[in-house]
Amino acid sequence: CCCCCCGKIMGKVVVLALVALLLVLAVGDVAANMSQQAVSGVVVDLDCSGGLADLTSASNEDLSDLETSARNILTKHCGKLRRNAFDGFSVADSNSLEIDFVSSKSALMTNECVKSKVNRGRTLMIANGLCSIVDATPVITCTTSYTATVNVEVDLGRSAGYLPSKTDGELALPMRYLGIFLADTCGIEECDMDVWQVGSLNVVGPTSLQFDVKDASTASTLSSCVNSNFIKVRKWFTVTGISLDTTTTTTTTTTTTTCAPFESSTTDWVLACEYDSCDTACAAFSGTCMVSQMNAIDTAAEAQFVANLLSVSCGATSGYNYQVTPGLLNGFLCVFNNGGTSFCSATNGNFERFCCCGANCPTAT
């Protein structure tokens with residue numbers, strides 16, 4: 001009898017010890033995941049003209065109502081987002097709220113959801129109509145130094161097209177999800193890959209891109225992982241290969257690249273440098289930007305004609321309604337005007353603009 005009691009007690013002790021061990025391991029996993037988290041949360045911009053003019057001076061009661069309401073609205077309108085995905089709320093400034101999440105995936109999901117609703121004209125009202133969510137920005141936490149670069153090949157599948165036709169902003173969300181999938185599948189830290197900031201990757205071909213990683217060992221791990229795993233990034237693309245780039249060396253030293261605009265020898269067309277406006281490019285040749293001729297470039301044939309005058313090789317042509325058309329996008333895609341209006345003063349880091357800097361700017365032979 002005593003033995004039976006002792007046996008039962010010992011059995012309970014063992015069970016309790018196992019439960020305690022599992023809890024310790026679970027806490028350890030959470031801590032590990034937090035250390036890997038590249039996107040800690042989202043800053044949501046609010047329009048609180050309905051009553052809360054300044055969040056920094058709002059009462060604790062109003063802020064509590066705001067937090068509860070924001071949590072309810074986001075879980076209701078953002079698909080798979082769950083209540084346990086939230087990790088805290090804080091006031092960022094007078095009209096912004098920072099929402100922390102337990103994972104980068106939840107943060108990105110929320111950021112994507114808010115952007116989508118706002119872009120489609122949907123109003124996300126919170127706090128009984130006192131505020132509405134008008135924008136969202138992910139909070140990137142990585143401070144890693146990157147010393148290597150990887151080449152990435154992708155299969156665009158049904159989304160077949162040219163990566164060079166995408167802007168940095170359009171590529172930001174797919175690349176951040178790529179970082180999450182690679183970290184989960186390959187067992188590396190999220191911050192070991194420089195894919196989180198807009199503009200952190202380099203498009204080098206129709207289905208090829210580059211991004212920086214912590215070191216050559218990280219590149220080797222990714223290469224082996226992709227070779228043995230099927231990595232599909234939602235609807236966007238499938239990763240078919242990753243390899244260490246041996247042609248470049250990544251350092252923390254800032255390098256300044258000198259660029260000079262190029263003028264056609266027979267016309268007033270000028271090829272501007274990336275980040276330069278046509279006002280700047282034309283001034284280099286004592287010319288004046290003539291935007292009407294630039295807006296007139298609205299066919300692939302015309303874009304190709306001007307590109308030839310400027311000794312530019314077009315890998316492909318496409319129409320956009322950007323304020324910087326016509327021009328060369330990402331060193332590959334010749335872009336013509338497709339319903340938009342170009343401005344002499346506009347700039348874009350991905351564009352080398354085709355600038356008309358005088359009266360002699362033909363668009364065809």
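The values are calculated or read from the model by the stated rules, or taken from the named source; none is laboratory data. All of these numbers come straight from a predicted model, not from anything done at the bench. For accessibility, only protein heavy atoms count, side chains too; no ligands or nucleic acids. Shrake-Rupley method; radii C 1.70, N 1.55, O 1.52, S 1.80 Å.
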Between the Cα axis of helix 104-119 and the main Cα principal axis of the chain, the angle (0 to 90°, nearest 10) is 50 degrees
Could you tally up the Lys pairs in the chain with alpha carbons closer than 26 Å? Skip any pair fewer than 8 positions apart unless they're on separate chains. 25
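Provide the percentage of antiparallel DSSP beta bridges, counting only those with both residues in segment 300-343; round to the nearest 5.
Percent antiparallel among DSSP bridges in segment 300-343 is about 40.
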³J(HN,Hα), Karplus 6.51/-1.76/1.60, whole Hz, each residue of segment 41-56, x for Gly, Pro: x, 9, 9, 9, 7, 10, 9, 10, 5, x, x, 9, 6, 9, 5, 5
So what's the back-of-envelope 222 nm ellipticity for the chain, counting only DSSP H runs of four-plus at -39500 (n - 2.57) apiece and dividing by all residues, rounded to 500? -11000 deg cm²/dmol
Rg over Rh of the chain, using C-alpha atoms and the Kirkwood radius, what does it come to? 1.10
Report, to the nearest 10°, how far helix 300-309 tilts away from the longest principal axis of the Cα atoms in the chain, using its own Cα long axis and a range of 0 to 90°. 70 degrees
Where the centre of each part is set by its Cα atoms, how far does segment 211-249 sit from segment 67-131, in angstrom? 32 Å
As I understand it, the value is the acute angle between the Cα axis of helix 168-186 and the longest principal axis of the Cα atoms of the chain; what does it come to in degrees, rounded to 10? 40 degrees
Range of Cα positions in segment 226-365 per principal axis (Å), largest first: 59, 36, 24
So what is the diffusion coefficient of segment 314-365 in µm² per second by Stokes-Einstein at 4 °C and 1.567 mPa s, using a Kirkwood Rh over Cα pairs? 114 µm²/s
Given the whole protein assembly as supplied and a 1.4 Å probe, what does the accessible area of residue 204 come to in Å², nearest 10? 80 Å²
